[in-house]
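A short write-up of the structure that comes next.
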Amino acid sequence: MLLRRVVITGIGTVSPFGRGIEGLMDSLAAGRSGVVRVPALADITGMRTRVAALAVGVDAMEIPRKFRRSMSSMSVFATLASQDAAAMAGLGEEQLGGGRLGVSIGSTTGSPQTMEEFFKDFTADNSLERMKSTLFFHIMNHSCASNVAQVLGVTGRILAPSAACSTSSHAIGYAAEMIGLGKQDFMLAGGADEFHPLTSGTFDVINAASTAFNDSPASTPRPFDRDRDGIVCGEGSGILLLESLDSALARGAEILAEITGFATNSDPGSIANPDAACIAECMRQALADAGVEPGQVDYVNAHATATEQGDIAECAAIAEIFGSLTPTSSLKGHLGHTMAASGALELAACVGMMRRGLLIPTLNLDNVDPLCAGVLHQREVEELRVETIMKNNFALGGVNSSIILRRYQ
């Protein structure tokens, strides 16, 4: 349990629906898909998938060149989203550089695009002569966090967790704990990733990438659906400005929501296959951390990537904890799987649902897989006052995470 209450006072997003939380929420509510066909994927031998969810509406030129030259696309996404979150929270230079604000932003890896370009050039003639001096800043694992801190003048703590699909949930959970312990008053927290063909290729090789809907990209991915055939990789960034309640009240800041619980655990049974029992235990720990019972949760935002094993294991865990009474949906049918950004982008959307008084259904869920039938699937947009939300994220490597979000009271 957090020793100090932690609230959200700012949100920044870069997604397949553009920049900004309002545009993201409008697109989700309208049932739009951000998945598109990517013709360049056809040029890669052995690549079967042809679809991805690519960020739009991004202008890197907004960032001064002295900062931009050390950034890959993912750092650009994270920086723009962080600037928007800080602006929404009403933070100025005094708070950003005062030492009481930190950064907790992660990515799956450093920039894969930069790494590809370097090794393609290096292996041509085994030469370093053309290597740019800024290359390392693109590929270091804390590139997003460091670049954000440089641009915004942050002097507080820097954390760059890396846990694949659970990355930004970890970043947010650990940031909340830092504030809860009194180590910082503010944290910019979330994640970012950039699309690269090898990301899709990784899932394609293990038969986990969507390939059956290359000619109808808006029809995939299909979380929980009988006809799902795998992940659609995406890109973007989600950043939340977390703040102690005392600080927010003292500033007169608008409080968007409160984070009341966080849990993460490890599943040592398999590095690749999720285990329903471990997922359920993670959810129990998050509920306990928040001090709430399952019946007090109004909505579960599932990780649900449209893989058979993942969807089934998560549904079994949700059914064990909540039965078939709590509305549940996944946003990956709209957004694709934005990897390290997914937890934060989807949590930002959960805040949006709470504030708009509506639930967003799982896009492309036409026929529920019988093995996923044990939960209450949200099948249409519904107006509903939501007080408490659970957000799940689970990653390859056996890393699970759950966050409890509550309407501020």
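The values are calculated or read from the model by the stated rules, or taken from the named source; none is laboratory data. As the structure is a computational prediction, the values presented were derived from the model and not from experiment. Cβ atoms come from the backbone with ideal geometry, glycine included; neighbour counts cover every protein chain shown.
Which one of these is closer than 18 Å to ALA81 by Cα, assigned by TED's automatic domain parsing to the domain that holds GLN95 and touching a Leu at 6+ places or on another chain (Cβ under 8 Å): ALA149, ALA176, ALA171?
Details: ALA149 fails: touching a Leu at 6+ places or on another chain (Cβ under 8 Å); ALA176 fails: closer than 18 Å to ALA81 by Cα.
One residue alone meets the criteria, ALA171.
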Test for PHE118: is it touching a residue at least 12 places away in the same chain (Cβ under 8 Å), closer than 30 Å to ALA40 by Cα and not in a loop (DSSP other than H, G, I, E, B): yes
Filter result for the condition that a residue is touching a residue at least 24 places away in the same chain (Cβ under 8 Å), surrounded by fewer than 24 Cβ atoms within 10 Å (Cβ to Cβ) and on the phi > 0 side of the Ramachandran plot, over GLY357, GLY336, GLY374: GLY357
Scope segment 82-111; condition under 13 Å from SER146 (Cβ atoms), of a type outside the set (S, T, N, Q) and in a loop (DSSP other than H, G, I, E, B); matching residues: GLY110
Hits in segment 143-156 - residues which are assigned to a loop (DSSP other than H, G, I, E, B), buried (at least 19 other Cβ atoms within 10 Å of the Cβ) and not small (Gly, Ala, Ser): VAL154
Residue that is surrounded by the fewest Cβ atoms within 10 Å (Cβ to Cβ), among those in segment 243-259 that are touching a Gly at 6+ places or on another chain (Cβ under 9 Å) and not in a helix (DSSP H, G or I): GLY252
Any hit, segment 58-81, residues being part of a helix (DSSP H, G or I), out of contact with any helix residue (DSSP H, G or I) (no Cβ under 8 Å at 6 or more places or on another chain) and buried (at least 21 other Cβ atoms within 10 Å of the Cβ): yes
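Please indicate, with yes or no, whether at least one residue in segment 47-54 is charged (D, E, K, R) and modelled with pLDDT of 95 or more. Quick ask: steps written out before the conclusion?
First, pick out the residues of segment 47-54 that are charged (D, E, K, R): 48, 50.
This time we only want the ones that are modelled with pLDDT of 95 or more, so: 48, 50.
Yes: segment 47-54 contains one or more residues that are charged (D, E, K, R) and modelled with pLDDT of 95 or more.
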Selected residue (criterion: surrounded by the fewest Cβ atoms within 10 Å (Cβ to Cβ)) from residues of segment 194-242 that are of a type in the set (A, V, I, L, M, F, W, C) and assigned to a loop (DSSP other than H, G, I, E, B): ILE206
Residue in segment 260-274 that is farthest from ILE389 (Cα to Cα), counting only those that are buried (at least 19 other Cβ atoms within 10 Å of the Cβ) and either of a type in the set (S, T, N, Q) or without any contact (Cβ under 8 Å) to a residue 24 or more places away in the chain (or both): THR264
Close pairs from segment 31-47: first assigned by TED's automatic domain parsing to the domain that holds ASN207 and on the phi < 0 side of the Ramachandran plot, partner basic (Lys, Arg) and surrounded by 18 or more Cβ atoms within 10 Å (Cβ to Cβ), Cβ under 7 Å, at least 6 apart: ARG37/ARG50; VAL38/ARG50; LEU41/ARG50; ALA42/ARG50
Condition met for GLY397 (under 17 Å from ALA319 (Cα atoms), surrounded by fewer than 21 Cβ atoms within 10 Å (Cβ to Cβ) and touching a helix residue (DSSP H, G or I) at 6+ places or on another chain (Cβ under 7 Å)): no
Subset of segment 273-304 (residues that are under 19 Å from VAL399 (Cβ atoms), more than 20 Å from the chain's Cα centre (by Cα) and in a loop (DSSP other than H, G, I, E, B)): ASN273, ASP275
